[in-house]
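K.L.:
So that we are looking at the same thing, I have put the structure below in structure tokens.
Values quoted throughout were computed directly from the atomic coordinates according to the rules given, and no laboratory measurement underlies them. Treat the numbers as computed from the prediction; the structure is a model and nothing was measured. Virtual Cβ from ideal backbone geometry, glycine too; neighbours counted across all protein chains shown.
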Amino acid sequence: MNKYSICMVNVAFINPFSDEARQIVREYGNLNTIYQENGDLIQLVTRSPSQDISDEESIPHNIMDLALKRMEWYVKKRNNLEFDYRKYSYLYNRNITNFDVIAFYLLVQAVSVKFGPNSRESRVMVEAQGKLMESRMGELLLSEKRDILGTILNTLLPREVKWTMFADLLSSRKIKLTDLVLDQGNIILDKDYFMENLGFKLEHRDPGKMYDLLIGDKIKELIINRMIMQKTEDYISEVYQKSQRQVEPNPILLELADKVTEILNQPMATYGYRGGATGKVEASPLNQEAFPPCVKIVLEGMKSGGRNDAIILFLTPFISYARLYPDVFRRNTTLRVSDVDPELAAVEKEILPLIHEAAERCTPPLFEDQPQEKVNINAKMGFGMHSEIELKHEGETTWYTPMSCEKVKLHLPSLCKPDKTCKSIGNPLSYYIHRLTDLRYEEATSEEPGEESKQESREE
Amino acid sequence: MVSDQLLKPATPEERRRYYREEWDVKDIPEFISNSVQKREFGFDHMGRGPNDRYKVFRSMDLLRKFLRYRAPFAAYSSVAFYEKPQRRDGWIKSELVFDVDAKDIPIRECGCQGVCEVCLNQALEIISSLIDTLKGDLGLKDIHVVYSGRGYHLRLFDESVMTMDSDVRGQIVQYLSGAELPRNEYAAEGVTYKLEHFTIPFGYPQVFTDRTRYAILHLTPETQLDEVNQKLLKDVMKNRELLEDNQWGIFRSKIGPQRYLKLIRSIASLNMALVDAKVSIDLKRILRLPSSLHSMVSMKCTEVKNIETFDPFKEAVPKFVYERKS
């Protein structure tokens, strides 16, 4: 059989944590060879089915290139509407498994060592791994897919799968409890169990068909996918912990990590990512028109319960970040209020008045019966538990980041009155940036005709 | 019928009488007494909130003396177990708690301003359905029900969930309360089928169906729902009898598919308020101490031994209330 013809799919192609994958790593040998031109790899890439590579740059020449292409594939797929998957079709080619596993471990180690587990680079790495696995599964024949699912499930899970085993996946919302079919604490994956315990409850429907629809391969695939993502995340943390004890990280890994950052920065510059060429959204005076519905409700004054949480935990972080550091989640760097507002002028003149006015509009006014809550507002901006905001106290407490939509729904369900924009965001602050960009665009595009029409009327 | 003497605040003298003459430390359930040293206690002495916090008791006898002597307006203990409860430090685990407050039930039949027999009954019905889901779907055990004075607390001691964080607890709340619209499109082998929640008699779709049915059957003409106008509300109330016989398909077609979607979307968001999610996701919350007095309404916070027969107006009324002069 030709070396590059279609072969049985290796479980390592889907699960880089499998024994097979570990074996590949053990056998690989010297790390320095990752820079060397790899003829086998190039041949695989250029002979991959449905590939459409017409330039040298699109071909990974060595394992280092392959690692970067893995990230580039994900970033482009996510951000570029004209993404051409045929330029990356080798990533779906099962024959690439040996090189791919090495590239995976290189990437994970690079982002862990250089950026740590809570970085944008690590987050994207985990997402990319999940997406790549999903795409690869989609390319397999149904029988192959079922074989692989069965093999991975058998190695990762016991026969009886309790939902409580997935606390970490539920916590990080990689899976949702409502997506699972649960019975007596078990996640139903097995067809026989389904037929015996749930199938009989169905009326006028074929239980076998219902099993395929409700559970089938999808839930198994989802669980495996999310478990591998979680394992990637855990592995990043593990490598990071170990690297903290090492004196000097391998320069190859640091170089790879820098190149990963370059790839992640590309969409901002190339594809008109929201926020302009640098991807940064600068601090600027608040535009209340761009506030999400939940913030507008609190600004009008809370009429029922939840005054304290709405003003202190919800509004204060939102207003302060929206004014001073709107792209905190994108930049992923911790700042203090004074890093952006050194004289605290915006805090004193814009942020606090807005929050205090909202507190006064509550029924009853918040500070009337709970004047101590003023201190809590200062605390949530990082200025400790003091009645006045002073720079010398900054850092005594943490500058709270705004609640996500999920948290708002749990803490303050009465605030969540979603509009169209809400559907595409997960945090009220993202809503603000989104709307702010739209409003600025609308303003910019409506100014010119406005000027003309003024001129025209003057001429008349 | 609830007497005029019930649900009125207790005087300081009545509180003292309660703790000296009626209350017994043995009334505190074992789930508290067997972990007293690991919990933080909090007290409200003046009726202004529990601001006497970080209290610890090395034994039940010391707790008994404290309550007898101080006769607080309200007494609380943490749902959390700590290595150092006096500093809320060294968190070990927390009970999983669900708080159903009668006055906050999203659709109340009674329309009363505070709490009454009707909405307390409704709270108990909700608690009962939550227990069914906790046991049947989530397979959880060691569940205790406590009448809090204005509603009910569900307190879970199942070890498999006690170390779970706030985010997982948040997901459990969403599942239990039916706060998320179940998907209605399912695909197999490239073909997509539409399956409404009411055609799937198990798992989350069934939970959602149960909670939605409950909400619809309790709607009143005064109920305000986002996206549901008066005409739709009227049509829903006119046809809701169909749901008592599980005739969801006919009900949906009478309402119309688009309007039905609006209705269930609106009910899903309302369901989130069936339990107070803030309480469930707060790992360091303090909850009213069973057996203590809820002085605002003069009721005893009481562990419910039999949910089928429990009547707060028989089992949770302190003696001093019967001795009040009308």
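K.L.:
Could you tell me the largest-minus-smallest coordinate of the C-alpha atoms of the protein assembly as shown on each of the three principal axes, in descending order and whole angstroms?
P.N.:
If we take the Cα atoms of the protein assembly as shown, the spans are 97, 75, 70 Å.
K.L.:
Given contacts defined as C-alpha pairs under 8 Å and at least six residues apart, what's the relative contact order of chain B, whole-number percent?
P.N.:
26 percent
K.L.:
Using θ = phi - 60° and the Karplus relation 6.51 cos²θ - 1.76 cosθ + 1.60, list the HN-Hα couplings for segment B:201-218 in order, rounded to whole Hz, with x at every Gly or Pro.
P.N.:
Values, residue by residue: x, 7, x, 4, x, 5, 4, 4, 4, 4, 5, 5, 4, 4, 5, 5, 5, 9 Hz.
K.L.:
Given axes a ≥ b ≥ c from the Cα gyration tensor, I'd like to know whether segment A:288-435 is rounded (a/c under 1.5), prolate (a/b larger than b/c) or oblate.
P.N.:
Oblate, because a/c is 1.5 or more while a/b does not exceed b/c.
K.L.:
When the chain is fully extended, how far beyond the present Cα-Cα distance does A:ASP206 get from A:ARG78, taking 0.36 nm per residue of separation?
P.N.:
Contour length minus the Cα-Cα distance gives 42.2 nm.
K.L.:
Give me the distance in nm between label points sitting 7 Å out from Cα along the Cα-to-Cβ direction at B:ARG48 and B:ASP210, one decimal.
P.N.:
4.4 nm
K.L.:
Right, another one. Evaluate E = 1/(1 + (r/R0)^6) for A:GLN23 and A:ASP192, where r is the Cβ-Cβ distance and R0 equals 41 Å; express this FRET efficiency to the nearest 0.05.
P.N.:
Working: r = 33 Å, r/R0 = 0.81.
That pair, A:GLN23 with A:ASP192, gives E of 0.80.
K.L.:
Separation of segment B:213-245 and segment B:272-322 by C-alpha centroid, Å?
P.N.:
So the separation of the two Cα centres works out to 30 Å.
K.L.:
Once the Cα atoms of helix A:97-115 and of chain A are each reduced to a long axis, what angle between those two axes, in degrees from 0 to 90 to the nearest 10, is obtained?
P.N.:
Roughly 30 degrees between the two axes.
K.L.:
Among residues other than A:SER171 whose Cβ falls under 10 Å from its Cβ, what is the net charge (Lys/Arg +1, Asp/Glu -1)?
P.N.:
0
K.L.:
Work out, step by step, the length gained on full extension between A:MET165 and A:GLU127: first 0.36 nm times the residue separation, then minus their alpha carbon distance; give nm to one decimal.
P.N.:
Value of the extension gain: 11.5 nm.
K.L.:
So for the pair A:SER135, A:LYS392, with labels modelled 7 Å out along Cα→Cβ, what separation do we get in nm?
P.N.:
Each label point is offset 7 Å from its Cα along the Cβ direction, giving 5.7 nm.
K.L.:
Describe numerically, in nm with one decimal, the distance between label points set 7 Å from Cα along Cα→Cβ at A:ARG86 and at A:ILE252.
P.N.:
Those two pseudo-labels are separated by 3.5 nm.
K.L.:
Give me the number: length gained by fully extending A:GLU357 to A:ALA283, i.e. 0.36 nm times residue separation minus the C-alpha to C-alpha distance, one decimal in nm.
P.N.:
So the extension gain works out to 24.5 nm.
K.L.:
What does the charge add up to near B:MET296, with Lys and Arg as +1, Asp and Glu as -1, over the other residues with Cβ less than 13 Å from its Cβ?
P.N.:
Combined, the nearby Lys, Arg, Asp and Glu give +4.
K.L.:
Would you please give the FRET efficiency between B:LYS26 and B:ASP142, computed as 1/(1 + (r/R0)^6) with r the Cβ-Cβ distance and R0 = 30 Å, to the nearest 0.05? Intermediate results must be reported in sequence, preceding the final value.
P.N.:
Values: r = 21 Å, r/R0 = 0.69.
The value I calculate is 0.90.
K.L.:
Next question, about the same structure. From the Cα gyration tensor of segment B:87-224, with a ≥ b ≥ c the square roots of its eigenvalues, which class applies: rounded if a/c is under 1.5, or else prolate if a/b is larger than b/c, or else oblate?
P.N.:
Oblate shape, in that a/c is at least 1.5 and b/c is the bigger or equal ratio.
K.L.:
Over segment B:80-180, what is the relative contact order in percent, taking alpha-carbon pairs closer than 8 angstrom and at least six residues apart?
P.N.:
Value for segment B:80-180: 28 percent.
K.L.:
Oh, and also: Be a star and scan segment B:263-297 for residues whose amide nitrogen sits under 16 Å from the point 7 Å along the Cα-to-Cβ vector of B:ASN229.
P.N.:
Only B:263 pass the distance filter.
K.L.:
Kindly identify segment B:185-274 as rounded, prolate or oblate by the Cα gyration tensor criterion: order the square roots of the eigenvalues as a ≥ b ≥ c, call it rounded if a/c is under 1.5, otherwise compare a/b with b/c, prolate if a/b is larger, else oblate.
P.N.:
Prolate, because a/c is 1.5 or more and a/b exceeds b/c.
K.L.:
Taking H placed 1.01 Å from N in the peptide plane, check which residues at least 5 places from B:VAL304 or on another chain put their amide H under 5 Å from its amide H.
P.N.:
Result for B:VAL304 returns B:VAL145, B:VAL146, B:TYR147.
K.L.:
Taking only C-alpha pairs under 8 Å that are 6+ residues apart, what is the relative contact order of segment A:288-435 in percent?
P.N.:
In percent, rounded to a whole number, it is 35.
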